[in-house]
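Enquirer: Mind having a look at this structure? Questions to follow.
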Amino acid sequence: MSESKTILVTGGSGLVGKAIEELVTSQKRENEKWIFLNSKDGNLCDIVQTKKLFEKYKPTHVIHLAAKVGGLFDNMSNNLDFLKDNLHINDNVLQTSFESGVKKVVSCLSTCIFPDKTSYPIDESMVHNGPPHTSNYGYSYAKRMVDVMNKAYNQQYGCQFTSVIPCNVFGPNDNFNLKSGHVIPALIRKFFDEIQAGGTSFTVFGSGKPVRQFIYSRDLAKLFLWVLYEYNEIEPIILAVDESDEVTIKEVAEEILKAYNCNSTLLFDTSKADGQYKKTASNSKLRKYLPDFEFTPFSKAVKESVDWYCKNHEIARN
Ligand code: NAP
Ligand code: GFB
């Protein structure tokens, strides 16, 4: 019988956390206790509250998702807040995990933290090879320090602290706030409101030309569990769909309209920023471990996310 585990998920009430919670509650898990935290349980920017949470739950393992997270426009206006909050959260969680003897911590970076000027496809060796895109340098430098701290804790104390690097994530329980949300939830919300108002103008910010890889939160949840149980490197691992699945923002908007059975034309507000043009990441390291992993087709995942929002828009994070 496998030894009993207590897995603490920081940021457990968010997009990714909820997908992991949905997955683990759908499976019978012997000798495992899962705790999903939100910021009301304790502000992880505060070391005292962080220590209290670890004393209370005594985790053996931590999936560290908690972060100040936002889309392009939120990052552009608040780089200092993204830098400071995430530096505090990450330092507090890793220090307290070390002090409490946590066996393994899996933290979360993002493909947007890679150097802006780079060759493609990006791979895990390139995290620190140059400055990140100006739109989100605060968040990016804070996230990069997680990788640096993981290596330092491992070198000095042998800690099993690692990290994953997801591409853009979307799905149910996302942040649908138009100011702070990412592009997919923002457009799902915007188009929903337009249709409800009987309108026909569906506006997309920017040119629609930038390209992104999008991973469905329910697929990412499965990969997180694999990393927790099977991935034993300290080096980060990119968790992204195949490069060939990269889509333009215009194609994203068209997919969302299709999910609403709406065939109106899109309007592009090019007075708004495009942000990074591309951040194409290679998932070849993941494919070496899991050659047969199947990602949900993008159109199916978008349809499920739109349907979820139509059903839950009154309780969704708006
Ligand atoms: P999210 O939906 O915004 O959820 C963030 C979570 O962190 C929430 O549970 C939130 O609690 C918690 N949190 C925020 N500040 C906190 C604080 N000071 N103290 C304690 N908890 C705090 O974010 P997500 O999209 O699930 O992201 C999860 C992880 O994936 C993050 O590390 C993010 O950087 C990474 N990631 C996300 C994407 C993406 O496209 N979404 C892409 C790559 C990587 P409340 O619910 O109480 O606010
Ligand atoms: O998801 P998103 O906000 O962030 O995508 P990033 C921004 C792209 O979508 C830009 C276009 O090209 C925007 O012009 N877009 C079109 C919109 N309409 C909208 C809209 O209504 N809202 C938003 N938000 N975008 C983020 C990083 O970059 O990626 C974060 O800034 C984070 O740090 C996240 O890591 C995963 O993909 O550009």
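The values are calculated or read from the model by the stated rules, or taken from the named source; none is laboratory data. All values reported here derive from a predicted model rather than from experimental measurement. Cβ coordinates were reconstructed from backbone atoms using ideal geometry, including for glycine residues, and neighbour counts include every protein chain displayed. Only protein heavy atoms, including side chains, enter the accessible area calculation; ligands, DNA and RNA are left aside. Shrake-Rupley method; radii C 1.70, N 1.55, O 1.52, S 1.80 Å.
Enquirer: Taking just the alpha-carbon atoms of segment 100-199, what radius of gyration and Dmax come out, in angstrom?
Expert: So, for segment 100-199, Rg and Dmax equal 17.8, 61 Å respectively.
Enquirer: Mind pulling the angle between the C-alpha long axis of helix 298-312 and the longest principal axis of the chain? Nearest 10 degrees, somewhere in 0 to 90.
Expert: The two axes meet at around 90 degrees.
Enquirer: Moving on. Starting at 0 and stepping by 20 Å, how many percent of the alpha carbon pairs of the chain end up in each bin?
Expert: It works out to 33, 59, 8, 0, in whole percents.
Enquirer: If you don't mind, there's one more thing I want to ask. Projected onto the charge dipole of the chain (+1 at Lys/Arg Cβ, -1 at Asp/Glu Cβ, origin at the Cα centre), which of Gly138, Leu223, Val247 gives the Cα projection farthest towards the positive end?
Expert: About the Cα centre, the residue reaching furthest to the positive side is Gly138.
Enquirer: Send over the semi-axes of segment 1-113's equivalent ellipsoid, whole angstrom and largest first, taken as the square roots of 5 times the C-alpha gyration tensor eigenvalues. Don't jump to the answer; show the numbers that get you there.
Expert: Values: eigenvalues 129, 59, 26 Å².
Ellipsoid half-lengths, sorted descending, are 25, 17, 11 Å.
Enquirer: Next up: Measure up Lys151/Lys278; Lys33/Lys303; Lys33/Lys84; Lys103/Lys151; Lys51/Lys84 against 23 Å on the Cα-Cα distance and list the ones that go over.
Expert: Values: Lys151/Lys278 28 Å; Lys33/Lys303 32 Å; Lys33/Lys84 31 Å; Lys103/Lys151 15 Å; Lys51/Lys84 19 Å.
In this structure, Lys151/Lys278; Lys33/Lys303; Lys33/Lys84 lie more than 23 Å apart at Cα.
Enquirer: Moving on to the next point. Working with all protein chains in place, sort Asp85, Asp174 by solvent-accessible area computed with a 1.4 Å probe, largest first. Provide the component values of the computation, followed by the final result.
Expert: Numbers: Asp85 55, Asp174 5 Å².
Largest accessible area first, the residues go Asp85, Asp174.
Enquirer: Scan segment 157-208 for trypsin sites (Lys or Arg not before Pro) in coil per DSSP, keeping those whose Cβ has at most 15 other Cβ atoms within 10 Å, and list them by number. Display every interim value, and only then the final one.
Expert: Details: sites: Lys179, Arg189, Lys190; in loops: Lys179.
Taking segment 157-208 and a limit of 15 other Cβ atoms within 10 Å, the loop trypsin sites (Lys or Arg not before Pro) found are Lys179.
Enquirer: Turning to a different aspect of this structure: Can you pull the percent of segment 26-115's accessible area that's carbon plus sulfur, 1.4 Å probe, other chains left in place? Spell out each step's value before the answer.
Expert: On the way: 2120 of 4090 Å².
The value for segment 26-115 is 52 percent carbon and sulfur by accessible area.
Enquirer: Within 10 Å of each candidate Cβ there may be at most 12 other Cβ atoms; applying that plus a DSSP loop requirement, which GluC sites (Glu not before Pro) in segment 1-91 survive? Walk me through the intermediate numbers first.
Expert: Values: sites: Glu3, Glu21, Glu22, Glu30, Glu32, Glu55; in loops: Glu3, Glu30.
Answer by residue number: Glu3, Glu30.
Enquirer: Over all directions, how big on average is the projection of the convex hull of the alpha-carbon atoms in segment 168-238, in square nanometres? The partial results should precede the final answer.
Expert: On the way: hull surface 26.1 nm².
So the mean shadow area of the Cα hull is 6.5 nm².
Enquirer: Averaged per residue, what accessible area in Å² does the chain show with a 1.4 Å probe, protein chains only?
Expert: On the way: 14370 Å² over 318 residues.
Heavy-atom SASA per residue in the chain reads 45 Å².
Enquirer: If you don't mind, another one. How far, in degrees from 0 to 90, does helix 79-99 lean away from the longest principal axis of the Cα atoms of the chain, to the nearest 10?
Expert: That works out to roughly 30 degrees.
Enquirer: Follow-up. Using unit Cβ charges (K, R positive; D, E negative) and no other charged atoms, how large, in debye to the nearest 20, is the dipole of the chain about its Cα centre? Could you put the intermediate results ahead of the total?
Expert: On the way: 37 positive and 38 negative charges, 92 e Å.
Once rounded to the nearest 20, the dipole reads 440 debye.
Enquirer: What is the ratio of the Cα radius of gyration of segment 228-281 to 2.2 N^0.38 Å, with N the residue count, to two decimals?
Expert: Details: Rg = 16.9 Å, N = 54, 2.2 N^0.38 = 10.0 Å.
Compactness ratio reported: 1.68.
Enquirer: Pairing the Cα long axis of helix 217-230 with the longest principal axis of the chain, what angle in degrees results, from 0 to 90 and rounded to the nearest 10?
Expert: With rounding to tens, the tilt is 20 degrees.
Enquirer: Quick check: at a probe of 1.4 Å, how many percent of the accessible area of segment 152-275 sits on carbon and sulfur atoms? Present the calculation step by step, with values, prior to reporting the outcome.
Expert: Details: 2320 of 5070 Å².
Carbon and sulfur atoms account for 46 percent of the accessible area of segment 152-275.
Enquirer: Run the helix sum for the chain: -39,500 (n - 2.57) per DSSP H stretch of 4+ residues, divided by residue count, reported at 222 nm to the nearest 500 deg cm²/dmol. It would help to have the intermediate numbers written out before the result.
Expert: On the way: 10 runs with 130 residues, N = 318.
For the chain, the value works out to -13000 deg cm²/dmol.
Enquirer: Over the alpha carbons of segment 198-252, what is the largest minus smallest coordinate on each principal axis, giving the biggest first in Å?
Expert: Extents along the principal axes, in whole Å: 50, 24, 17.
Enquirer: While we're on this one: FRET efficiency for Ser201 and Thr296, Cβ-Cβ distance as r, R0 = 25 Å, nearest 0.05?
Expert: Values: r = 30 Å, r/R0 = 1.21.
According to the calculation, E is roughly 0.25.
Enquirer: Now for a separate question. In Å and on Cα atoms, what radius of gyration and Dmax does segment 161-318 show?
Expert: In Å, with Rg to one decimal and Dmax whole: 16.5, 53.
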